[in-house]
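Single-structure report; data block below.
Laboratory data are not the source of any read-out in this text; all were calculated from the coordinates shown. This structure is a prediction, so every number in the text was calculated from the model and none was measured. So basically every Cβ, Gly included, is an ideal-geometry build from the backbone, and we count neighbours across all protein chains shown.
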Amino acid sequence: MTAPFEHDETGLDRIDPTDPVDDARVEVRRSARRRKSVQAYRDGDRIVVLMPDSFSRAEETRWVREMVAKVLRKEQRSRLGDVDLLERATALSQTYLDGAAVPSSVRWVDNQEHRWGSCTVEDRTIRLSSRLQGLPSWVVDYVLLHELVHLLVPHHGPRFWAHLESYPRTERARGFLEGVVAGRSLGG
């Protein structure tokens, strides 16, 4: 039986290329301080897996396969999700803004803790917080439309809100998001 990992000249572990998970470059970092938890994340061209030093080789193999698969699934969802977001933005712009707002890109991001979305008018990019994933589609549509309107009107003045009022669930979506924020501040 062959070992599940082989070391290349960089010292990084590689999953067996015949493995269905992928031939991703993997770096395993063991820690004596870590007791039970296992984490994995993308770092450039490799996936780093953090695990307790006490794990056996069999546990390492199982956890590396599971965590690499998890990272790759998340990346796949993100890629598909970003394409879907751009299509959704185009449809919302057509329906509510007569196609006037045309973003160059729309994507999910993980680094927005205090905003639901953001827009850079200069390059016409829109970013939505991944915290929106799993919320009702009409709420995501509201945030996406809010950012689309910023492509037409940069500030939150009367013209901005007039554009947004064309979306029939504006007030309901705003209330929903306020409820989410309030629930999180109460520890919910």
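Over the range 76-185, what is the mean sequence separation of C-alpha contacts under 8 Å (at least six apart), divided by residue count, expressed as relative contact order in percent? Reported as a whole number, the value is 23 percent. The distance between label points at Q94 and S137 comes to 1.5 nm (points 7 Å beyond Cα on the Cα→Cβ vector). Taking label positions 7 Å along the Cα-Cβ direction at both R172 and S130, the computed distance is 2.9 nm, reported to one decimal. Under 5 Å from the amide H of Q112 lie the amide H atoms of S130, each residue being 5 or more positions distant or on a separate chain, with H modelled from the backbone and absent for Pro and chain starts. Only one residue of A162, W108, L92 has its Cα farthest out toward the positive end of the dipole of the range 76-185, where Lys and Arg carry +1 and Asp and Glu -1 on Cβ, and that residue is W108. Under a point spin-label approximation (7 Å from Cα along Cα-to-Cβ), what is the W161-Q112 distance to one decimal in nm? In this crude label model, W161 to Q112 measures out at 2.1 nm.
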